[in-house]
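Q: I'd like to ask you about the structure that follows.
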Amino acid sequence: MLEIGIKGQAAETVDADKLALTVKSGELAVYATPAMIALMEQAAYQSVAQQLEEGQGTVGVSMNVKHLASTPAGMSVTAKSELTHIDRRKLTFHVEAYDECGKIGEGTHERFIIVNQEFQKRTDEKLQ
């Protein structure tokens, strides 16, 4: 059962495929903002996955974050999420990211509960 306060966490090491230079979000060999956002989404969606009905999932629809500090390659990053609001199918999370030296990002993230098979079918129909 979904309840306000559910927390999630996801972690990764900053390797070459997560650098701004590699993902084309900048020219430097620093942790990319898109990689940080993906890790925040991972923390959020995994935190509620087991609380959903069979066949349901969530999709991200909004991300409003600040990337506060840079992180070099080789350092660990941890994203944390907390479910702060439930409005029918819309879930709102507070998200934060930390490297080994402190907070590097924070913001809010919204996800919608969907029926996985129906969502995938509608998406695949775009190819027809």
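Q: List every residue pair whose Cβ atoms lie under 7 Å apart, where the two residues are 6 or more positions apart in sequence or sit on different chains, the first residue falls within region 35-62 and is assigned to a helix (DSSP H, G or I), and the second residue, located anywhere, is surrounded by 17 or more Cβ atoms within 10 Å (Cβ to Cβ) and basic (Lys, Arg).
A: Short answer, once both residue conditions are applied: Ala35/Lys18; Ala43/Lys80; Ala44/Arg111; Tyr45/Arg111.
Q: Against the conditions (1) in contact with a helix residue (DSSP H, G or I) (Cβ under 7 Å, 6 or more places away or on another chain); (2) assigned to a loop (DSSP other than H, G, I, E, B); (3) open to solvent by 50 Å² or more (accessible area, probe 1.4 Å); (4) within 30 Å of Asn116 (Cα to Cα), where does Ile4 fall short? Just the number, please.
A: (1)
Q: Pull up region 40-60, narrow it to residues that are at negative phi and in contact with a helix residue (DSSP H, G or I) (Cβ under 9 Å, 6 or more places away or on another chain), then point me to the one that is surrounded by the most Cβ atoms within 10 Å (Cβ to Cβ).
A: Going through the qualifying residues, I end up with Thr58.
Q: Which ones in region 71-128 are under 15 Å from Ser47 (Cβ atoms), in contact (Cβ under 8 Å) with a residue 60 or more places away in the chain and out of contact with any helix residue (DSSP H, G or I) (no Cβ under 9 Å at 6 or more places or on another chain)?
A: Thr84, His85, Ile86
Q: Among Thr123, Thr108, Thr92, which is more than 13 Å from the chain's Cα centre (by Cα) and among the hydroxyl-bearing types (Ser, Thr, Tyr)?
A: Going through Thr123, Thr108, Thr92 in turn, the sole match is Thr123.
Q: Next question, about the same structure. Mind checking which residues of region 10-32 are in contact with a Phe, Trp or Tyr (Cβ under 7 Å, 6 or more places away or on another chain) and in contact (Cβ under 8 Å) with a residue 60 or more places away in the chain?
A: Val14
Q: Now for a different question. Only residues that are of a type in the set (Gly, Ala, Ser) and within 19 Å of Met63 (Cβ to Cβ): list them for region 77-123, please.
A: Within region 77-123, Ala79, Ser81, Ala97, Gly105, Gly107 qualify.
So that you can scan it fast, the table gives a plain yes or no per residue for (1) closer than 30 Å to Glu3 by Cβ; (2) open to solvent by 20 Å² or more (accessible area, probe 1.4 Å); (3) at pLDDT below 95; (4) small (Gly, Ala, Ser):
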{"position": "Tyr31", "(1), (2), (3), (4)": "no, no, no, no"}
{"position": "Ser70", "(1), (2), (3), (4)": "no, yes, no, yes"}
{"position": "Leu83", "(1), (2), (3), (4)": "yes, no, no, no"}
{"position": "Asp87", "(1), (2), (3), (4)": "yes, yes, no, no"}
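The values are calculated or read from the model by the stated rules, or taken from the named source; none is laboratory data. As the structure is a computational prediction, the values presented were derived from the model and not from experiment. Neighbour counts are summed over all protein chains in view; Cβ atoms, including those assigned to glycine, are modelled from backbone coordinates with ideal geometry. What goes into the accessible areas is simple: the full protein's heavy atoms, side chains included, and nothing from ligands, DNA or RNA. Shrake-Rupley method; radii C 1.70, N 1.55, O 1.52, S 1.80 Å.
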